[in-house]
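> Got a structure for you, questions after.
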Amino acid sequence: MVAERARGPGELGEPRAVAVAAAAAARAERCARLPSPGSCGLLALALCALALSLLAHFRTAELQARVLRLEAERGERQMETAILGRVNQLLDEKWKLHSRRRREAPKMSPGCNCPPGDLILT
C-alpha cells in the first residue's frame, strides 16, 4: 500500500490523471464552443417559425388594409346612391307640388259660370 499524502493547492497528481483531466477539459471546452447538430436544427426551426409568423403578420395587415379600403369605397358608393335617391325623391315631391299649382282650369263654355266638377241637377 502506498500511503497517499495530502496534496497542496498547487501540486498535481499522477501525470496520466493530469493528461486525462486535460483531455476531458479540452473536450468540454470544444463542446461548449460548437453547438450540437440537434441544437442547430432547433435553432433553424425556431428561425423559420419566426420568419413565417412575421410573413403571416405582414400579409394579414396588408389584406386588412385592402378590405378597409374596399369597404370605404363601397360605403361611399352606397352613401352616394342613398343621397341621390333622397334628392330625386325631394325633386319629385317639389315637381308634383308645382305641377298642381300650374294646373289649368278645365275648358268651359264662355256662358257657364259654375264651378268645375260634377253637375248636380235638381
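The values are calculated or read from the model by the stated rules, or taken from the named source; none is laboratory data. For clarity, every value in this text was computed on a predicted model and none was experimentally measured. Ligands, DNA and RNA are stripped out before the accessible areas are found, and what is left, the full protein with its side chains, is counted by its heavy atoms. Shrake-Rupley method; radii C 1.70, N 1.55, O 1.52, S 1.80 Å.
> Being more than 12 Å from the chain's Cα centre (by Cα) and of a type in the set (Lys, Arg) is the filter here; which residues of segment 62-77 pass it? Reasoning before the result, please.
If we filter segment 62-77 for residues that are more than 12 Å from the chain's Cα centre (by Cα), which is where we start, we get 70-77.
Listed by number, the residues that qualify are ARG74, ARG77.
The rows are residues; the columns are (1) open to solvent by 90 Å² or more (accessible area, probe 1.4 Å); (2) modelled with pLDDT of 80 or more.
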residue: ARG27; (1), (2): yes, no
residue: SER36; (1), (2): no, no
residue: ALA49; (1), (2): no, yes
residue: GLU71; (1), (2): yes, yes
residue: GLY75; (1), (2): no, yes
residue: GLU80; (1), (2): yes, yes
residue: LEU90; (1), (2): no, yes
residue: ARG103; (1), (2): yes, no
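> Any residue at all in segment 57-66 that is assigned to a helix (DSSP H, G or I) and modelled with pLDDT under 80?
There is no residue in segment 57-66 that is assigned to a helix (DSSP H, G or I) and modelled with pLDDT under 80.
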